[in-house]
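First the structure, in the form of structure tokens, and then the observations on it.
The values are calculated or read from the model by the stated rules, or taken from the named source; none is laboratory data. Predicted model only: the values in this text are computed from it and were never measured. Using ideal geometry, Cβ is built from the backbone for each residue, glycine included, and neighbour counts are taken over all protein chains shown.
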Amino acid sequence: MRAALYARVSTERQADRGTIGSQLALLREHIATAGDELVGEYVDDGQSGARLARPGLDALRDAAEAGLVERVWVLSPDRLARAYAYQVLVLDELDRFGVTVAFTDSPGLAADDPQATLLTQVQGVIAEYEKAKIAERYRRGKLFRARAGEVVTWKASYGYRRIPRGAATGAAHHEAYEPEAAVVRRIFTDRAAGITVREICRRLNADAIPSPTGKPTWGHSTICRLLRNEAYIGRVYFNRTESVPDRRPTHRNRVIPRDRDEWIPIECPRIISDELFQTASRVATDNTKWSPRRAVPGQWLLKGLVKCGVCGVGTNCHKMRGRNSTWHRYYYCRNHDPLRAGGEQHRCPERNIRADALDTFVFDHIRAAITHPDQLLAGEQAVTLHTPIPDDELLTAELARLDRKIEATDTERRRLIDLYQGGFIELPDMQRRSTEVSSRRNELQHKRTRLADERTALARDNQLRRRVLDFAARIHAVIDTLDDTQKQQLLRLLVEDVRVTGWHVQIRLRITLDPPPPEPPRPTGRTSKPPPQPRPVSTQDGLRSVGAHGRPLLPAPETTRSRHHLTPTANPATLTPSSARTWGIT
């Protein structure tokens, strides 16, 4: 009888161990004992039994349909398929072609024995249960290793090499591959400098740098994925997706992302800094926010920066014709649309904002802040300093005095030990006096640490003062020569956002500063200047639209002047590789 054998192992690791060879040897022995003629061997190395799309099994089914075999020898039913439904499908197909199946670990099916058929079916169900159990153990094992900080995924990001687990190397981890890491730094640096993704691709292709897949050309999507990869700042994530049943009838499962709090972070070597990563990410946000499409050059200086103070959402730009056929430009809250606001009751009650008046108003205040940079420093100190820091010379003298006292306590402790060793004092007396000396030394050390922190804060404050003054001097030299387009670029550089509530305008600044020198000179003290005099704010008729939608005007305040103060409103943000500080003008 013409016979064929079929063998399968689930993973390449099992195939390397020789498991497939033991199956083949056992099946050949049974075929020789039965006196069958071996006409074909069909093997699937590293193929899962959870699916039917296997090269070896497909070739066996084709041979059975062509009438080339009369009997198939298999080690056990779970070698055909792990799922019981797949086992029944394959066995019915082979029986329809007149091919008998012989299992070496279970009774045959050709004798039509009900008990043998039942046993084979039970084995199929148990195989499916074992598959689910193995998958669950494998999943839990990977989660445990990932939480322990081990890299469990076999694929490493561009710029890294995966070091497998071993006795010499320890747990599996990533190591930076410097030739590719240099390319990663170049890509992030170019992107942070404002170079487009397509231009980065062209430069890499011109320099003949191979892509992550080894191709000679870089794709736009490849660069975008690389710029979003947090592995380059030292974080690789596991458990980011999960497989769920697909609603479509012709698909089995689909992969969906998990919530971010379910991700498991794994540390890896850092290639770039957090500031560079955030700057490169901000470039894409700014490109979307300040797209020049459908924009008139020199107009809408605050496009993308104005927010509604009531709703907290951004504003859109709108142009409408007035009664005398002149065009007027407005910023209007996006929640004016009831559908976007979530209902008529949530519609924004604010009026439209005159764009020309607000642009002029904000730019004048920016000019005033740059002309008087001490206002920014006064606002910074008003919030960050709860108590005044002493002068640097006083701090230095106090630190020197504490150092002398600490040295004196150390000398006193050594003398106590010498007296005890010479037999001049008893042990209880030495222990009592040593405890007093230790307590006094700890108190002095605590005072010294506190004063050292104050001295560090003073140095940082003086350094901030110098950097703000230098920044203001550079901007003040050219601010009166800017055209409308350059004014718009300056506002986008300096302004975090502009919140308008009624007639009240709040401007938050984001001042880009140069990085500090590695070793700044010692500060010589602080100076303060009196706060500036109040300045006029926006007027009723110059800021808000008049009669645009037939809604009544909000009542104007009794005075058109308000306090003008500067306070920090947020933590430092990053625009470029330089650091930045955020202030507010109200």
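One table, with the values for the structure above:
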item	result
Glu443 vs. criteria surrounded by 12 or more Cβ atoms within 10 Å (Cβ to Cβ) and at pLDDT 75 or above	yes
In the range 1-55, residue modelled with the lowest pLDDT [restricted to those that are among the small types (Gly, Ala, Ser) and within 16 Å of Val99 (Cβ to Cβ)]	Ala34
Count - residues of the range 197-216 that are assigned to a loop (DSSP other than H, G, I, E, B) and over 22 Å from Ala156 (Cβ atoms)	2
Leading residue by the ranking (surrounded by the most Cβ atoms within 10 Å (Cβ to Cβ)) among those in the range 56-78 that are assigned to a helix (DSSP H, G or I) and modelled with pLDDT under 85	Pro77
Residue check for Tyr42: assigned by TED's automatic domain parsing to the domain that holds Ser10, part of a helix (DSSP H, G or I), hydroxyl-bearing (Ser, Thr, Tyr) and within 51 Å of the chain's Cα centre (by Cα)	no
Residues within the range 84-94 that are surrounded by fewer than 18 Cβ atoms within 10 Å (Cβ to Cβ) and not acidic (Asp, Glu), tallied	3
Single match in Arg235, Arg254 (criterion: surrounded by 14 or more Cβ atoms within 10 Å (Cβ to Cβ), in the same structural domain as Glu175 (by TED's automatic domain parsing) and over 14 Å from Ile200 (Cα atoms))	Arg235
Selected residue [at pLDDT 85 or above, of a type in the set (Ser, Thr, Tyr) and more than 18 Å from Asp484 (Cα to Cα)] from Thr371, Thr315	Thr315
From the options Glu175, Glu136, Glu128, Glu93, residue that is at pLDDT 90 or above and among the acidic types (Asp, Glu)	Glu175
Identity of the residue in the range 215-255, under 26 Å from Gly141 (Cα atoms) and among the β-branched types (Val, Ile, Thr), that ends up modelled with the highest pLDDT	Val236
Failed item, numbered, when Thr189 is tested on (1) surrounded by 15 or more Cβ atoms within 10 Å (Cβ to Cβ); (2) within 30 Å of Arg145 (Cβ to Cβ); (3) under 21 Å from the mean Cα position of the chain (by Cα)	(2)
Among the residues listed as Arg186, Arg145, Arg198, the single one being under 16 Å from Ile271 (Cα atoms) and among the charged types (D, E, K, R)	Arg186
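Every residue, every condition in (1) loosely packed, with under 14 Cβ neighbours inside 10 Å; (2) charged (D, E, K, R); (3) under 27 Å from Ile475 (Cα atoms); (4) touching a Leu at 6+ places or on another chain (Cβ under 8 Å), yes or no:
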residue	(1), (2), (3), (4)
Thr326	yes, no, no, no
Gly342	yes, no, no, no
Ala355	no, no, yes, yes
Asp359	no, yes, yes, yes
